[in-house]
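The values are calculated or read from the model by the stated rules, or taken from the named source; none is laboratory data. What you see is a predicted model, and the numbers here were worked out from it, not measured in a lab. Using ideal geometry, Cβ is built from the backbone for each residue, glycine included, and neighbour counts are taken over all protein chains shown.
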Amino acid sequence: MSTTPSMVVLIERKKRGEALTASELQWICHGYLEGEIPDYQVAAWLMAVRWRGMTGAETLALTDALVGSGRTLEWPADQPVVDKHSTGGVGDKTSIVLVPLLAAAGITFVKMSGRGLGHTGGTIDKLEAIPGLETDLDLDRLRRQVERIGCALVSQNQSLAPADGALYALRDVTATVDSEPLIASSVMSKKLAAGARAIVLDVKFGRGAFMANEEEAEALAATMVAIGKGAGRKVRAVLSPMDEPLGQAVGNALEVREAIDVLHGGGPADVRELTLVLGSHLMVLIGCAATLGDARSALAQLLGSGVGAAKLEELIQVQGGDSRVVADPDLLPPAPHVEVFESPQDGWLERVDARLIAQAALELGAGRRRKGDAVDPRTGVRLVVKGGRRIAAGEPLAEMHAASEDASRAALETLSQAFRWSDCPVHPFPQAHRIIEG
Ligand code: URA
């Protein structure tokens, strides 16, 4: 049987809503990675999956095929590794806080992160705002670092789940990212290949997330938890709202500064809270705390003590960066032009729209319009206020950190639309987190 007809048959079957077998999915992943099946056929299959979905067994089989396309990491049994993954948000810098914080608590944390995707930010872009920091470590260097300091914050290694990398790049340009089985298998293949024993998934929903509502987020969370448990890992998902940006900073150097503030015991309450929630679940899953309450108070104490900040310093140093930024965040690259945006009116500020703030930050240079664009680490938006309070005309609402005065003027229109007003009294946006354990 030649390659082309069989792929046509598989596309045809998926188009009719039939489930493919594990060996057929393996064949597609292998063939695509080896260049034996062309982009246009894989794109057609992805679109059929986008509309027809996959059975639970098919999603599991696709995850296995993605994992099996590359190497896998194994960690010593006496040094179980934890990992966390967010499905993408605006202003989410929790990994930069959580990794050193848990490592300071004696928990081995290996976090492989991505770059910004669509309107959402990526931890690797944020970390690269730190002068000199290397995030592309080969697997031997990664192992040595983890043995030495108990943690790493690095970019996705190309030899882990390479078929996911190839499929992901194709999904990004064929409007097939937003598919529950494709997202679930993509995320979980990377987590499983990286060898974590305990995984906490932060599944976001709302204006600034890929999942528009809580129901979609819950379905995605349940699928990912089932895949992780099926592979023998301890997994929990936290559903977290993403209607307003997390914290006040959106933009790479600005977010690193805010993460450092949190590690020094300060920073915005919502970033601290999400860090404590995700960290507590990881501590319980890995058996380092008996209850969520115990875990939370241990982590809160560590946040106040500065040991997490010291661990971040160590991590930056071994990854070749300027670790002095932790004690002196003014060493992070500053934007040449900072402009304050003042409230045009008296009124109740209902919400600061996460998606529009992300768009304004992107227009200032903090994100990418096209794949491969460079980001300007100095730029972004720092919110002075969030929704849920009364504002007086002329009160500062946000700072625009821009490369030039012209650049800040260009982003002003988008920024001003992000502030949503109400005629009646409003409350701060709810930050309740729901847990999905499978
Ligand atoms: N993040 C991933 O790693 N994969 C997806 O498909 C979506 C978000």
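Which condition from (1) crowded, with 19+ Cβ neighbours inside 10 Å; (2) part of a loop (DSSP other than H, G, I, E, B); (3) hydrophobic (A, V, I, L, M, F, W, C) is the one that residue 374 breaks?
(1)
Conditions tested, residue by residue: (1) buried (at least 17 other Cβ atoms within 10 Å of the Cβ); (2) modelled with pLDDT of 95 or more.
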| position | (1), (2) |
| --- | --- |
| 346 | no, yes |
| 349 | yes, yes |
| 365 | yes, no |
| 379 | yes, yes |
| 383 | yes, yes |
| 393 | no, yes |
| 426 | yes, no |
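Considering each of 73, 66, 60, 33 in turn, give the residue that is outside the structural domain of residue 142 (by TED's automatic domain parsing), of a type outside the set (D, E, K, R) and more than 20 Å from residue 157 (Cα to Cα).
Answer to the check: 60.
Kindly provide the set of residues from the range 409-435 that are in contact with a helix residue (DSSP H, G or I) (Cβ under 7 Å, 6 or more places away or on another chain) and either over 24 Å from residue 213 (Cα atoms) or of a type in the set (Ser, Thr, Tyr) (or both), ordered by number.
Passing the criteria: 410, 411, 414.
Quickly run through the range 92-124 and pick out the residues that are more than 12 Å from the ligand (Cβ to nearest atom), surrounded by fewer than 24 Cβ atoms within 10 Å (Cβ to Cβ) and under 22 Å from residue 170 (Cα atoms).
Result: 119, 124.
For the condition in contact (Cβ under 8 Å) with a residue 60 or more places away in the chain, in contact with a helix residue (DSSP H, G or I) (Cβ under 8 Å, 6 or more places away or on another chain), within 27 Å of residue 241 (Cβ to Cβ) and among the polar types (S, T, N, Q), what is the one hit in 275, 291?
275
Quick check on the range 257-268. Is at least one of its residues farther than 14 Å from residue 94 by Cβ, within 16 Å of the ligand (Cβ to nearest atom) and either β-branched (Val, Ile, Thr) or part of a helix (DSSP H, G or I) (or both)?
Going residue by residue through the range 257-268, those that are farther than 14 Å from residue 94 by Cβ are 257, 264-266.
Cutting the leftovers down to within 16 Å of the ligand (Cβ to nearest atom) gives us none.
The answer is no; no qualifying residue exists.
Identify the single condition in (1) within 16 Å of the ligand (Cβ to nearest atom); (2) modelled with pLDDT of 95 or more that residue 41 does not satisfy, given that it satisfies every other one.
Evaluating residue 41 over (1) within 16 Å of the ligand (Cβ to nearest atom); (2) modelled with pLDDT of 95 or more leaves (1) as the failure.
Go through the range 301-317 and report how many residues are more than 15 Å from residue 329 (Cβ to Cβ), free of Cβ contacts under 8 Å to residues at least 24 places away in the same chain and within 24 Å of the chain's Cα centre (by Cα).
Count: 1.
For the range 184-215, name all the residues that are within 12 Å of the ligand (Cβ to nearest atom), surrounded by fewer than 24 Cβ atoms within 10 Å (Cβ to Cβ) and polar (S, T, N, Q).
Passing the criteria: only 186.
Of the numbered conditions (1) in the same structural domain as residue 382 (by TED's automatic domain parsing); (2) among the aliphatic types (A, V, I, L, M); (3) within 24 Å of the chain's Cα centre (by Cα), residue 260 fails exactly one; give the number of that condition.
(1)
With the checklist (1) away from the ligand (no atom under 16 Å from the Cβ); (2) out of contact with any Ser or Thr (no Cβ under 8 Å at 6 or more places or on another chain) in hand, flag the one item residue 179 doesn't pass.
Checking residue 179 against (1) away from the ligand (no atom under 16 Å from the Cβ); (2) out of contact with any Ser or Thr (no Cβ under 8 Å at 6 or more places or on another chain), the one that fails is (1).
On the basis of being under 24 Å from the mean Cα position of the chain (by Cα), within 27 Å of residue 364 (Cβ to Cβ) and assigned by TED's automatic domain parsing to the domain that holds residue 137, does residue 279 make the cut?
Numbers: under 24 Å from the mean Cα position of the chain (by Cα): yes; within 27 Å of residue 364 (Cβ to Cβ): no; assigned by TED's automatic domain parsing to the domain that holds residue 137: yes.
Answer is no for this residue.
Go through 273, 313 for me and flag whichever is in contact with a Lys or Arg (Cβ under 9 Å, 6 or more places away or on another chain) and outside the structural domain of residue 400 (by TED's automatic domain parsing).
Details: 273 fails: in contact with a Lys or Arg (Cβ under 9 Å, 6 or more places away or on another chain).
Answer to the check: 313.
With respect to residue 89, determine if the residue is of a type in the set (Gly, Ala, Ser), without any contact (Cβ under 8 Å) to a residue 60 or more places away in the chain and not assigned by TED's automatic domain parsing to the domain that holds residue 25. Steps first, answer last, please.
Details: of a type in the set (Gly, Ala, Ser): yes; without any contact (Cβ under 8 Å) to a residue 60 or more places away in the chain: no; not assigned by TED's automatic domain parsing to the domain that holds residue 25: yes.
No: the conditions fail for residue 89.
For (1) within 16 Å of the ligand (Cβ to nearest atom); (2) surrounded by 16 or more Cβ atoms within 10 Å (Cβ to Cβ), each residue gets a yes or a no:
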residue: 52; (1), (2): no, yes
residue: 55; (1), (2): no, no
residue: 59; (1), (2): yes, yes
residue: 66; (1), (2): yes, yes
residue: 72; (1), (2): no, no
residue: 77; (1), (2): no, no
residue: 82; (1), (2): no, yes
residue: 86; (1), (2): yes, yes
residue: 90; (1), (2): yes, yes
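List every residue pair whose Cβ atoms lie under 6 Å apart, where the two residues are 6 or more positions apart in sequence or sit on different chains, the first residue falls within the range 184-202 and is under 15 Å from residue 436 (Cα atoms) and not assigned by TED's automatic domain parsing to the domain that holds residue 238, and the second residue, located anywhere, is buried (at least 24 other Cβ atoms within 10 Å of the Cβ) and of a type in the set (Gly, Ala, Ser).
none
Which one is farthest from the ligand (Cβ to nearest atom) among residues in the range 155-168 that are within 17 Å of the chain's Cα centre (by Cα) and closer than 22 Å to residue 36 by Cβ?
Of everything passing the filter in the range 155-168, 165 is farthest from the ligand (Cβ to nearest atom).
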